[in-house]
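The values are calculated or read from the model by the stated rules, or taken from the named source; none is laboratory data. Given the structure is predicted, the values throughout are model-derived calculations rather than measurements. When we count neighbours, we look across all protein chains shown, and the Cβ atoms used for this are built from the backbone with ideal geometry, even at glycine. Quick note on the areas: whole protein, heavy atoms, side chains included, nothing else; ligands and nucleic acids left out. Shrake-Rupley method; radii C 1.70, N 1.55, O 1.52, S 1.80 Å.
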Amino acid sequence: IKELAEESQATGRQPSGTGQRFPLVVTQSASWWAQQIERLILRWYPTGTFAYKDAFLQNPRFGTEYTLYDQYEFSIPVSRAGLCFEGLASFVKENGLGEGFRTPVLIRLVKAEDDILLSNTNGEPHVYINMNDDVSYNLEGNAVNNRFISAANYLRSSTCQGRLHWGKTKATLDRDTNGFSEYPQTWCRFGQMVSKLDPM
């Protein structure tokens with residue numbers, strides 16, 4: 001990103017297709033950004049076969065000093081993941097929500113953690129989907145990125161039954177969280193333990 005900004009300043013032209021000042025370019029074409037991200041990422045993450053210690057991704061402060069963002073993460077039961085992602089893809093396409101995203105989503109699988117009462121993966125293995133919203137910081141007046149929020153709320157729907165990561169952003173989502181419905185086997189037990197170990 002820094003290189004693109006320097007290139008833009010040196011040539012006196014904005015990157016093609018942006019039509020506005022470079023710091024606000026994240027509100028523009030998703031395909032243009034996909035090309036730039038691929039171009040920059042390939043420099044940092046070459047393909048190949050590596051020794052074990054070199055085989056894990058490391059983020060060399062890739063653009064972090066230039067970008068503000070909110071990070072959301074949802075855990076979706078593995079048993080619902082196929083239906084959820086298929087529905088999400090259709091929902092995003094039908095409602096034109098693709099402009100709300102500028103970075104790839106990250107997906108990871110986590111085994112069931114039934115011994116942790118309020119674990120996001122209590123009950124069965126879950127697929128985590130991690131999404132960053134940096135567009136809202138580049139809209140005039142830092143407006144809410146409604147396209148992104150609509151997609152995020154879909155992950156909370158009855159189709160996906162996504163549980164919000166306890167330690168990540170959730171401020172702009174529909175937050176009608178019912179602990180008993182999300183953790184039916186463990187919510188009451190958790191409340192009992194709180195009463196016993198941390199009485200009011």
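Points to keep in mind about this one:
- The packing ranking of peptides 186-198, 114-126, highest mean first, is 114-126, 186-198, where packing means the average number of other beta carbon atoms within 10 angstrom of each residue.
- Overall, the accessible surface of segment 89-148 at a probe of 1.4 angstrom is composed of carbon and sulfur to the extent of 54 percent.
- Charge-dipole axis of segment 78-200 as Lys and Arg at +1 and Asp and Glu at -1 on Cβ define it, positive-most pick from TRP187, LEU83, ALA143: TRP187
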